[in-house]
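Encoded as structure tokens, the structure appears first; notes follow it.
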Amino acid sequence: MTILICDDEKNCLDILKKHVQEYMYNRYIECEITALSDPAPIIQNDWRFDLAFLDIQMEGMDGISLAKELKKRNHKLALFFVTNYDEYQDDAMDLQAFRFFEKPFDVNRLYSGLDKAMEYIDGAYVDVFLQSNRVQQRVLVDNIMYITRVNRKIVIFTTQGEFASSKSFDEWCEALPPLFFYPVHKSYLVNLHYIDKYAYSEIFLLDHTRIPVAPRRQTAFHKFWFAYLRRR
């Protein structure tokens with residue numbers, strides 16, 4: 001998950017980054033946080049984020065304008081505003097922000113807002129195009145049940161059928177949402193939404209597919225699984 005924190009008050013920037021890192025760590029969610037006091041590099045680069053915390057009043061560009069630009073790049077962006085002023089709340093709500101935090105912000109309210117954002121991101125499924133017999137088929141990411149290596153080939157099992165992929169296994173691990181896709185084995189990337197039974201060393205999907213959980217990944221997956229259940 002990619003996260004942006006943009007605030008020209010360094011103290012607020014550092015505090016917010018610390019709490020967001022703690023939240024993600026405690027819920028076993030892998031993330032990459034970009035923390036900036038100047039919005040200029042964001043505009044100059046074609047960066048795309050899943051979650052953003054924006055100060056509304058900043059030098060050079062206000063948070064509302066920055067949010068509009070980021071929404072163009074990812075219309076499913078989960079958005080938070082942080083400010084000392086309440087005069088911008090109507091504009092913030094028009095952008096469907098999750099929370100409007102006043103400085104200094106309340107940590108419990110921050111965590112509550114992040115819980116809602118995780119639910120949203122978990123459900124904001126994007127689509128991909130997969131190829132079968134030289135035909136490009138649109139598939140919702142959530143319709144991907146699992147991805148595996150079969151005789152050195154990458155095969156994607158979906159509710160719409162099976163597809164071969166030219167992408168590597170690692171590329172798929174990077175591309176799919178880390179909130180509900182997990183590499184339980186070096187050859188299996190699983191969509192947790194399709195797990196029917198979980199027995200620590202193996203899982204069974206709703207279509208009765210049995211998938212092993214690699215011994216060295218069992219402890220980490222066990223924690224991730226229960227963190228996932230708490231979000232549901």
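Values quoted throughout were computed directly from the atomic coordinates according to the rules given, and no laboratory measurement underlies them. Keep in mind it's a predicted model, so treat the numbers as computed, not measured. Every residue, glycine as well, gets a Cβ built from its backbone with ideal geometry; the counts of neighbours run over all protein chains shown.
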For labels at GLN137 and LEU229 in the simple 7 Å Cα→Cβ model, what's the distance in nm? 3.3 nm
Taking placed amide H atoms and a strict 5 Å upper bound, the residues 5 or more places from ILE5 or on another chain that come that close are THR34, ALA35, LEU36, PHE53
So, with points 7 Å from each Cα along the Cβ direction, the VAL150-GLU162 label distance in nm works out to 0.2 nm
Listed here are the pairs LYS72/LYS197; LYS186/LYS223; LYS68/LYS103; LYS68/LYS116; LYS18/LYS223; LYS17/LYS72; which of them are more than 28 Å apart at the Cα? LYS72/LYS197
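Determine the relative contact order of the chain: mean sequence separation of Cα pairs under 8 Å and six or more apart, normalised by residue count, in whole percent. Don't jump to the answer; show the numbers that get you there.
Working: 357 pairs, mean separation 29.2, N = 232.
Answer for the chain is 13 percent.
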Based on DSSP, what percent of beta bridges with both residues in the chain are antiparallel, to the nearest 5? 65 percent
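Order these peptides, 16-22, 76-82, 139-145, 39-45, by their mean beta-carbon neighbour count within 10 angstrom, highest first. Mind dumping the intermediate values first?
Working: 16-22: 16.4, 76-82: 21.9, 139-145: 18.9, 39-45: 14.1.
By packing density, highest mean first, the sequence is 76-82, 139-145, 16-22, 39-45.
Run the helix sum for the chain: -39,500 (n - 2.57) per DSSP H stretch of 4+ residues, divided by residue count, reported at 222 nm to the nearest 500 deg cm²/dmol. The partial results should precede the final answer.
On the way: 7 runs with 77 residues, N = 232.
My calculation for the chain gives -10000 deg cm²/dmol from helical runs alone.
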For the stretch 1-51, what class follows from the C-alpha gyration tensor (a ≥ b ≥ c being the square roots of its eigenvalues): rounded when a/c is under 1.5, otherwise prolate if a/b is larger than b/c, else oblate? oblate
